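Below is one structure, written out as structure tokens; the observations come after it.
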Amino acid sequence: MVEAKALVKRFGEFEAVRGIDLHVRKGEAFGFLGPNGAGKSSTMRMIACVSPRSDGELTVLGMDPDREGPRVRARLGVVPQQDNLDTELTVRQNLQVYGRYFGLSRAHVRRKAVELMEFAQLTERADDEVEPLSGGMKRRLTIARSLVNDPELLLLDEPTTGLDPQARHLLWDRLFRLKSAGVTLIVTTHYMDEAEQLCDRLVVMDGGRVVAEGSPAELIARYSTREVLELRFAPGDQEAAVARVTDLGERVEVLPDRILLYTATGEAALEQAHGRGVRPLSSLVRRSTLEDVFLRLTGRTLVD
Amino acid sequence: MAVVSSGRVVGSWRAAWLRVEGHWTWYRRYWRSNLYSSGLQPLLYLLAMGIGFGSQVEPGPATGGLSYVHYVAPALLVAGAVQYAVGESTYPVLSGFKWQKDFIAVTSTPVTAGQVLGGQLIWVAIRLVLSGVVYLLIAWPFGAWLNAGAIAVVLVGAVTGMACAAPLMAIAATTYDEGSRFTSIFRFIVMPMLLFAGTFFPIEQIPAAIRWLAWISPLWHGNELARGVTLGGLDLLPALGHLAFLAALFAAGGLAARHCFYRRLVV
Ligand SMILES: Nc1ncnc2c1ncn2[C@@H]1O[C@H](COP(=O)(O)OP(=O)(O)OP(=O)(O)O)[C@@H](O)[C@H]1O
Ligand SMILES: [Mg+2]
């Protein structure tokens, strides 16, 4: 669905995307994970055929965005990072007007709007103006709007930012449904749990480059251990403790507020630490996540 | 499973027209206040200047021997159209890029930046005709019109308005702040033009040294045409000249706007 080779995006002198390779297959859910400014949105906008590439090769749905932008866009669904709904129109009108730009008949968009409002649980607000809707409702409407042309490829730029947990789960469920209906999804996020839940495969981006690629499980297996032991200390105690626990894990990460010990069995490491007289304020044994992968790859946490 | 999208690319004119349809959806919700204000303002001018002030003006050579209300009514329509066009091509266009961001939303569909501009221009033209008709009808009972040529004045107003709208859309597309330059344009270009470009008195009254300022203002060309089509006294050749000036301004402004729309929307 999407093929990129040495794809570059420059804004003046600044290189936001510095030569990335991508291969997104039909029917999969593909993710971009990365911190602020990694170049996720810039990449998404190139794939969405709204931002011309500065260098490299790109094909979307088998076509060149530079030459066949409108034809590609006709078959895409796009959820931009920032909502750009027409706030002076009603929910229903937003869907209908937008649908018309895809060459759909009036009758078709009327039907489709009803179906999409159902999908996004906005039926009760159908004829209300968009302006006073809550942020989560607007987000849901933006997502519903992106589906008006039954897209083959759906691009979601941080779809759940600003949604409450319940709304996020609702959205994930909707995205699963789309995926099982055969829609290819590309999602950017800086939530690891979202990436783990949604994506079959993902790339980790940092500073305009792809630093790792694989399925969530593969990435965790490759770049992290099975378990992580987190130790928190009273202010001032952490420094002394680091030296005494370092050898207990395969790897250790020292964050400002805690120590992370990477080990196959967290409980065993914790017992050993206790045996050495280390007294953390609190401790936690958990499974490795993509957050740990990211930390390993970039030396930074994903969400500060 | 194969998904086949229902979306397709529509032709350029159709795409621009779909934008008009989108604007119309909005207009249907707000037309009352819009049409009211667009018809009301020229009417107030007509009452104050044409009938009030005009009662103190003797018909003379400057008014072509006509009463002042007949002299000023066609020009007021054109001046109103220019003001309206300026209003519609500044903040609303900037909003499409910056606040409402509807241009950004629309260009992620098959519709292109050029088609968005086309839709915007057509939409302004339609509203110029609509508000011109409203003014025409309101001014009628006040005896503002001498003959059916008044209907053509509506078209002259629309053409003059469009000659202003196109370059202003180019300026709006290159505006990144809150639009403070629009205030300057209003103050230092539009207002003087409304007052001195032959709407209320012939430009022969302006000192010859600065009369060229009137000659290069679209409103003066519009006013000459508007008076010509309803009051007569305008030969074909000068009429074509005025029309050509307005058409050239529209074309140059439109091309510049097209360039600026692409530069702003495709980054
Ligand atoms: N239109 C633009 N002009 C100049 N610089 C830009 C433009 N758009 C993005 N950038 C820069 O490119 C870099 C990457 O931005 P991008 O929006 O792609 O990051 P992101 O990964 O989506 O980040 P976030 O998580 O904050 O959304 C940033 O440094 C940003 O300032
Ligand atoms: Mg982004």
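The values are calculated or read from the model by the stated rules, or taken from the named source; none is laboratory data. No experiment lies behind these values; they were computed from the predicted model shown. Cβ coordinates were reconstructed from backbone atoms using ideal geometry, including for glycine residues, and neighbour counts include every protein chain displayed. Calculation scope for accessible area: heavy atoms of the full protein, side chains included, ligands and nucleic acids excluded. Shrake-Rupley method; radii C 1.70, N 1.55, O 1.52, S 1.80 Å.
Within the option set B:Trp145, B:Trp140, being surrounded by fewer than 22 Cβ atoms within 10 Å (Cβ to Cβ), of a type in the set (Phe, Trp, Tyr) and not in a loop (DSSP other than H, G, I, E, B) holds for one residue only, B:Trp140. Screening B:Leu76, B:Leu40 for residues that are touching a helix residue (DSSP H, G or I) at 6+ places or on another chain (Cβ under 6 Å) and away from chain A (no Cβ under 14 Å) leaves exactly one candidate, B:Leu76. Among the residues making up segment A:269-290, those that are in contact with a helix residue (DSSP H, G or I) (Cβ under 6 Å, 6 or more places away or on another chain), open to solvent by less than 80 Å² (accessible area, probe 1.4 Å) and in a helix (DSSP H, G or I) are A:Ala269, A:Ala273, A:Leu290. Return yes or no: is A:Ser215 out of contact with any Gly (no Cβ under 7 Å at 6 or more places or on another chain) and either closer than 17 Å to A:Phe294 by Cα or not assigned by TED's automatic domain parsing to the domain that holds A:Gly103 (or both)? For A:Ser215, the condition - out of contact with any Gly (no Cβ under 7 Å at 6 or more places or on another chain) and either closer than 17 Å to A:Phe294 by Cα or not assigned by TED's automatic domain parsing to the domain that holds A:Gly103 (or both) - is met. Scanning segment A:135-147 for residues that are over 13 Å from A:Gln82 (Cα atoms) and free of Cβ contacts under 8 Å to residues at least 60 places away in the same chain turns up A:Met137, A:Ala144. Within segment B:242-261, does at least one residue satisfy the condition of being within 14 Å of another protein chain (Cβ to nearest Cβ), more than 27 Å from B:Gly149 (Cβ to Cβ) and either in a helix (DSSP H, G or I) or among the basic types (Lys, Arg) (or both)? Yes, segment B:242-261 has at least one match.
The strands (runs of 3 or more DSSP E) falling completely within segment A:1-115 that include 3 or more residues that are out of contact with any helix residue (DSSP H, G or I) (no Cβ under 9 Å at 6 or more places or on another chain) and more than 14 Å from ligand 2 (Cβ to nearest atom) map to A:2-11, A:14-24, A:55-60. Only residues that are touching a residue at least 12 places away in the same chain (Cβ under 8 Å) and open to solvent by 20 Å² or more (accessible area, probe 1.4 Å) were counted across segment A:79-91, and they come to 6.
Every condition in (1) more than 14 Å from every other protein chain (Cβ to nearest Cβ); (2) closer than 30 Å to A:His190 by Cα is met by A:Ala126 except one, and the failing one is (2).
Taking segment A:46-66 as the range and being touching a residue at least 60 places away in the same chain (Cβ under 8 Å) and open to solvent by 20 Å² or more (accessible area, probe 1.4 Å) as the test, only A:Leu61 passes.
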